[in-house]
Amino acid sequence: RLKRLPPRLWRGGSLTGFTMVELIVAISVFSVAISLVTGAFVRTLRTQRILNHLMAVNSNASLVIEQMMREIRLGYNFSVSPDCDELVFTRSRDNRLVSYKWDVQDFEIEIDEGGGFKPLTASDVAVRAACFTLGEVDPPRITMTLKVGSTEQQVAENVLNLQTTVSGRVLQIDLTP
C-alpha cells in the first residue's frame, strides 16, 4: 500500500524539492557560520601560542632570577654600577668575584665568574630592561627589576615585569677576623 502524500508536496504529479533560492540562502548561512567558527578557532590557537611562549619566557626568567638569588645570598662586598645594569660581589664559598650584568645590545642577562661574560637567559628571551639596586643595610638587600619579553616579532610587544629583593646571609661581622 502506498501512503498518500499531502497535497502540498505534489506539484503536477511529481514531488517537489528545494528551490534554487532556498539552496543559495542555506549555503550562505552555512558559509557564514563556518567562517565565524573558523575565525574563532584560529584566534584561539594564536592566543594559546602566545600564552605558551610567554609562559616559557616567564619560566626562563624565573630560573635566572632564582640562580642569581642563590648566588647573592652567599655573597658579600656588593657594588652596583652607576647605570644600575651591573652587580658585582664576592662569592663566599670560593672567594671568587662574580658579576651579573644586563647586555643592552643582546637583550640578555650575563654572568662573569672570572672567565668572561656568558649569557644566562635563553636565546628566545629578550630582557628589555634590568636594574640592580643596593640597599645600604646589613645584611645588604639587592633589588632586581627585570622587564622580559620574547625575541619573536609576533609577541614582542608583550612583556613581563618582574621584581624581587634578596638579602645576603653573610654579615659584615662574619668577615672580620
Against the empirical 2.2 N^0.38 Å scaling, what ratio does the C-alpha Rg of the chain come to?
2.04
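For Y76, Y100, write out the residues from largest to smallest accessible area, computed with a 1.4 angstrom probe and no ligands counted.
Y76, Y100
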Taking the full set of protein chains and a 1.4 angstrom probe, give the accessible area of R96 in square angstrom, rounded to the nearest 10.
110 Å²
Looks like segment 36-75, by Cα gyration tensor root eigenvalues a ≥ b ≥ c and the a/c under 1.5 rounded cutoff (else prolate when a/b is bigger than b/c, oblate otherwise), is prolate
For T19 and E66, calculate 0.36 nm times their separation in residues minus their Cα-Cα distance, and state this gained length in nm to one decimal.
9.9 nm
Compute the distance in nm between two label points, each set 7 Å from the Cα along the Cα-to-Cβ direction, one at S79 and one at L134.
0.7 nm
Between segment 105-174 and segment 42-60, how far is it from one alpha carbon centroid to the other, in angstrom?
22 Å
Per the helix-only model, the chain has a calculated mean residue ellipticity at 222 nm (DSSP H runs of ≥4, -39500 (n - 2.57) each, divided over all residues, rounded to the nearest 500) of -12000 deg cm²/dmol
Mind pulling the angle between the C-alpha long axis of helix 20-73 and the longest principal axis of the chain? Nearest 10 degrees, somewhere in 0 to 90.
10 degrees
Expected unfolding gain across S35-S123 under the 0.36 nm per residue rule, minus the alpha-carbon gap, is 27.9 nm
Heavy-atom accessible area of S123 with all protein chains present, probe 1.4 Å, nearest 10 Å²?
110 Å²
Provide the gained length on full extension for the span S59 to T143, in nm with one decimal, where the gain is 0.36 nm per separating residue minus the Cα-Cα distance.
28.3 nm
For a quick check: with amide H placed at 1.01 Å from N, whose amide H comes under 5 Å from V170's, ignoring anything fewer than 5 positions away on the same chain?
G75
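The values are calculated or read from the model by the stated rules, or taken from the named source; none is laboratory data. Everything numeric here is computed off the predicted structure, so don't read it as measured data. Cβ sites come from the backbone with ideal geometry, for glycine too, and all protein chains shown count toward neighbours. With ligands, DNA and RNA removed, areas are computed over all heavy atoms of the protein, side chains included. Shrake-Rupley method; radii C 1.70, N 1.55, O 1.52, S 1.80 Å.
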